[in-house]
1. Enter the Cα centre distance for the pair segment 161-183 and segment 72-88, rounded to the nearest angstrom.
2. From largest accessible area down, sort Thr190, Thr165; use a 1.4 Å probe on the protein chains.
3. Taking the mean number of other Cβ atoms within 10 Å as a proxy for protection, how do you rank 25-31, 58-64 from highest to lowest?
4. Could you work out how far apart the two model spin labels at Lys192 and Arg151 are, taking each label as a point 7 Å from the Cα in the direction of the beta carbon, and quote it in nm?
5. Using θ = phi - 60° and the Karplus curve 6.51 cos²θ - 1.76 cosθ + 1.60, what whole-Hz ³J(HN,Hα) does each residue of segment 155-166 get, with Gly and Pro shown as x?
6. Suppose the chain between Arg90 and Ala40 were pulled fully straight at 0.36 nm per residue; how much longer would it get relative to their current alpha carbon spacing?
7. If you keep only loop residues by DSSP, which GluC sites (Glu not before Pro) in segment 145-183 have at most 15 other Cβ atoms within 10 Å of their Cβ?
8. Per-residue HN-Hα couplings for segment 176-190, Karplus 6.51 cos²θ - 1.76 cosθ + 1.60 at θ = phi - 60°, whole Hz, x for Gly and Pro?
Amino acid sequence: MQADLTMGNIASALPLQSDEAALIAELRAGSEEAFAWLIARFHQPIYSLLARTVQDRADAADMTQEVFVKVFRGVGNFHGESSLRTWIYRIALREASNRRRWWMRHKQQEVPIEQEMTGGDCGSPVLLKDMLVDPSEGPYEIAVHGENRARVEAALKQVPEPFRTTLILRDIEGFVYEEVAEMQNVNLGTVKSRLVRGRACLKLLLTAPAGQLRPAERSGFEIPQGEEAR
C-alpha cells in the first residue's frame, strides 16, 4: 500500500482488513484527516445508539463527544483485537452503562421536571420542563419519520436493560451475534436469550393499550440485580 494513501482510498476499501489496519495506523500516528473521517463516519450512529440507550438527547450529545475523546486518547493502545467499529461501540456502551449507574445514584437529588419555578411573565410560576424546551430538532429527531417508527421508538425505550441494548445492536445497528457478544462481554447464548426476551417484550409493548405492559406481563422481563453488568 502506498505511503501517501488518502482517507478517500481508505474509506472506499475499508471492509478489507488490510485497509482498516492502514486507517488504524493513520489514527495512531495522530492524523487529523483520519480522525475527521472517523468522526464523520461514526458520529451519527454512535449518537443514535446513545439516544436510544440513555433516553436523553442532551446526555446523548455530551456522551457522543466523550466517546470520541476516549477514542482519540485510547487508539494508541488499540491493536486490532476486534474491528475498529466494534471497539468504538464498546466504548459507547461503557459510557451509557456508566451514565445509567450515575443516574441511579443521583436520581433522588434531581429537581423534578414537573416542579414549578419562578421565572414566567410577571413572576408567575412556570414548569421546569417548559423552561428546558429546545425548539430545534436534533439529528435523532430529524431521522425519525412516520407514526409507526415513532411508536416503535417509544416502545423500545420501555424495554428493560440489557434487552434494549441487545435489540438495538442486533436489530437496528445490524451487528452479528458474535459482535454483540463481544461488545457486551457475554457469551452467544446470553445474547440470543436477551434478544428473544427483548423482542417478546417489544411486541407486548406495541400491542398493549397505550404501549404499557400490565404488571403481570412486565414481571416476566425484570432483570436480577447486577445482570446488566455481566
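The values are calculated or read from the model by the stated rules, or taken from the named source; none is laboratory data. Since the structure is predicted, the reported quantities are computational estimates derived from the model, not experimental observations. Cβ sites come from the backbone with ideal geometry, for glycine too, and all protein chains shown count toward neighbours. Ligands, DNA and RNA are stripped out before the accessible areas are found, and what is left, the full protein with its side chains, is counted by its heavy atoms. Shrake-Rupley method; radii C 1.70, N 1.55, O 1.52, S 1.80 Å.
1. For segment 161-183 versus segment 72-88, the Cα centre distance is 19 Å.
2. On the way: Thr190 35, Thr165 10 Å².
I get Thr190, Thr165, largest accessible area first.
3. Working: 25-31: 14.9, 58-64: 18.9.
Ranking, from highest mean packing down: 58-64, 25-31.
4. That separation, rounded to one decimal, is 3.1 nm.
5. The phi angles translate into 5, 4, 5, 8, 6, x, 6, x, 4, 4, 4, 4 Hz.
6. Working: separation 50, 0.36 × 50 = 18.00 nm, distance 1.83 nm.
The Arg90-Ala40 span can extend by a further 16.2 nm.
7. Values: sites: Glu147, Glu153, Glu173, Glu178, Glu179, Glu182; in loops: Glu173.
Within segment 145-183, no GluC sites (Glu not before Pro) qualify (loop, at most 15 other Cβ atoms within 10 Å).
8. 6, 4, 5, 5, 4, 4, 5, 5, 8, 6, 9, 8, 4, x, 5
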